[in-house]
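Beneath this line is the structure, given in structure tokens, with notes to follow.
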Amino acid sequence: MFKWKKAAATLLAAAVTGSFVACGESTANAMTIDGIQIKAGMYIYYSYNAYLQLTQDLKAQNSELDVTDNKVVKEQKMDGVSAETWIQNKALEYCKQYAAVEKKADELGIELKSDDKNDINDKVETFWDNSGEIYEKNGISKESVKAILENTYLTDEVFMHYYEVDGEEGVTEDGLKEFYEENNARVQYIQFDLKDGKGDDLDDAGKADMKKMVEDYLGEVQALKGDEDAMEDKMDDIQSEYNAYVTSISEEAAAETATSATDADGNEIAATTTEAAETTAAAETTTTAAAEDSAAETTTAGEESAETTAAEESSSDETTTTTGNDTAETTAEAETTESGATTTTTAPYANEKIIAKVTTDSDTKEEDVTYTPSKKAYDFIFNDAELGVPAMVEDDNAYYIILRRDIKERMTDDDLWTEDNMNSVIYTEYQKDFEDMRDKWCDDLNVEKNDRAIKRYDAFKIDMNSSSASN
């Protein structure tokens, strides 16, 4: 599922409430773009999305700004224009993108598949049962919501026409594989936190002891150099040993602070050790989890396009993450034989991770970027790590044993190179190219605005307080 269809999946979650009355005949359409009518309800929805985008951009610039206050937001400027003008310009941009995709799909003879149509109908009906009254109070009809959903699905189809393998832009599977292999690292690592059983930072002596322990573990892995599978097995064993160590020091620390009590008859009640569970849980978050692929889920700071919905917009636009989907369905799967015996099969590569290169835009702040597992370890993985050679990385808060392996060994259609993953790579590599192409289509469109409707459906007149829906 691509960006635009994902947007459609969450579009309906952004319910708004307000007091727009039914559209009058003279304001039923907000504009006409090359013969395509943009209904008032569609314009209201796009205006609302533009308002949300503005509040997020303002918050990114000034974290102290109260963007929940309409009056405060309205007083701001963005890109040298007033908040009101910025919202109108952004809503117009969304409307033009809608029209551009509709025209291009018609030109190419692209229509929605029956499964997509059914999916859209189901989403609209489900949403309308739950929140239709709220949207109608804002002048957004079921037909407008359906039209926007259809357009997001259609955007996927137009995108794939150009950028699918052997599509119009000449994309090849070999080229996609090369892109994936260059921008992702196959890694197994163990993170040794520099914390004591209470979760406090280790002192210098504690750090020295931890370093000695990690160096000893590294020596055990290095002794198996040349047999990467054996090295991974050894790292699995070390991970288990380290987890047990974390549990033990947490329990010891909790026992030291445990309190005892007596019941009404003076009998001693067992000491409580709630802190042990909390400390252990926190410390064990370093355990490397099931294998992951990254292309589908790699988030690029600033990559959100104009179709981004309100629900998506609420997540941090500026944070870049480098984690992905689980490639192994389960770490361990129990199977029952004909004789009734139960055997457990461990998924291959269960403790490996696929870490994606971080990509950002010019507006991204370094402090807003999240590196896996840390900036120093990430830099080592992509700049210094040798394939098949385990190494230790010392960071301020943890020590790491890192083993990078050849990702090409896992590029099969039953592992990393599934159809879904390949499609996600297409999106990752070509989304910006497609958006630039669409912008050119937009430049050629003729827009006839209904100024009366645009003035009437001011985003600042929308009441975002959901409680008012029941009033």
Considering only residues that are in a strand (DSSP E or B) and either buried (at least 21 other Cβ atoms within 10 Å of the Cβ) or touching a helix residue (DSSP H, G or I) at 6+ places or on another chain (Cβ under 7 Å) (or both), which ones fall in the stretch 28-60?
Asn29, Ala30, Met31, Ile33, Ile36, Ile38, Lys39
Please verify whether the stretch 142-151 includes one or more residues that are assigned to a helix (DSSP H, G or I) and out of contact with any helix residue (DSSP H, G or I) (no Cβ under 7 Å at 6 or more places or on another chain).
yes
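Anything in the stretch 66-84 that is touching a Lys or Arg at 6+ places or on another chain (Cβ under 6 Å) and either part of a strand (DSSP E or B) or at pLDDT 95 or above (or both)? List them, or say none. First the steps, then the outcome.
Of the residues in the stretch 66-84, the ones touching a Lys or Arg at 6+ places or on another chain (Cβ under 6 Å) are 67, 83.
Hit for the stretch 66-84 is Ala83, nothing else.
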Pick from the stretch 159-213, criterion surrounded by 15 or more Cβ atoms within 10 Å (Cβ to Cβ) and among the hydroxyl-bearing types (Ser, Thr, Tyr), ranking: farthest from Phe382 (Cα to Cα):
Tyr162
Determine, yes or no, whether Gly226 is small (Gly, Ala, Ser) and either at pLDDT below 95 or over 25 Å from the mean Cα position of the chain (by Cα) (or both).
yes
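Test Gly206 against the stated conditions and say whether it is more than 28 Å from the chain's Cα centre (by Cα) and in contact (Cβ under 8 Å) with a residue 24 or more places away in the chain. Working first, answer last.
On the way: more than 28 Å from the chain's Cα centre (by Cα): yes; in contact (Cβ under 8 Å) with a residue 24 or more places away in the chain: no.
For Gly206, the condition - more than 28 Å from the chain's Cα centre (by Cα) and in contact (Cβ under 8 Å) with a residue 24 or more places away in the chain - is not met.
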Do you know which residues across the stretch 90-109 are under 18 Å from Tyr457 (Cα atoms) and either acidic (Asp, Glu) or without any contact (Cβ under 8 Å) to a residue 24 or more places away in the chain (or both)?
Glu93
Can you list the helices (runs of 4 or more DSSP H) found entirely within the stretch 344-461 that contain at least 3 residues being among the acidic types (Asp, Glu) and open to solvent by 50 Å² or more (accessible area, probe 1.4 Å)?
419-443
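Could we say that Val393 is without any contact (Cβ under 8 Å) to a residue 60 or more places away in the chain, under 25 Å from Asp229 (Cβ atoms) and β-branched (Val, Ile, Thr) here? Outline the logic, then answer.
Numbers: without any contact (Cβ under 8 Å) to a residue 60 or more places away in the chain: yes; under 25 Å from Asp229 (Cβ atoms): yes; β-branched (Val, Ile, Thr): yes.
When the stated conditions are applied, Val393 passes them.
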Does the stretch 58-70 contain any residue that is in contact (Cβ under 8 Å) with a residue 12 or more places away in the chain, under 30 Å from Thr364 (Cα atoms) and among the charged types (D, E, K, R)?
no
Residue by residue through the stretch 93-140, note down the ones that are open to solvent by 30 Å² or more (accessible area, probe 1.4 Å), closer than 18 Å to Ala40 by Cβ and at pLDDT 95 or above.
Glu93, Lys96, Glu102
Does Glu102 meet the test of being more than 29 Å from the chain's Cα centre (by Cα) and under 20 Å from Glu435 (Cβ atoms)?
no
Give me the pairs, please: first residue somewhere in the stretch 353-374 and within 30 Å of Met235 (Cβ to Cβ), second residue anywhere and aliphatic (A, V, I, L, M) and part of a helix (DSSP H, G or I), beta-carbon distance under 6 Å, and either six or more positions apart or on two chains.
none
What is the number of the single condition among (1) free of Cβ contacts under 8 Å to residues at least 24 places away in the same chain; (2) part of a helix (DSSP H, G or I) that Gly167 does not meet?
(2)
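For the stretch 141-156, which positions are hydrophobic (A, V, I, L, M, F, W, C) and either more than 13 Å from Phe127 (Cα to Cα) or open to solvent by 10 Å² or more (accessible area, probe 1.4 Å) (or both)? Quick ask: steps written out before the conclusion?
Applying the first criterion (hydrophobic (A, V, I, L, M, F, W, C)) to the stretch 141-156 yields 145, 147-149, 154.
Result: Ala147, Ile148, Leu154.
The values are calculated or read from the model by the stated rules, or taken from the named source; none is laboratory data. Just so we're clear, the structure is a prediction, and the values are computed from it rather than from any experiment. All Cβ positions, even for glycine, are placed from backbone atoms using ideal geometry, and neighbour counts span all protein chains on display. All accessible areas refer to the heavy atoms of the entire protein, side chains included, with ligands and DNA or RNA removed. Shrake-Rupley method; radii C 1.70, N 1.55, O 1.52, S 1.80 Å.
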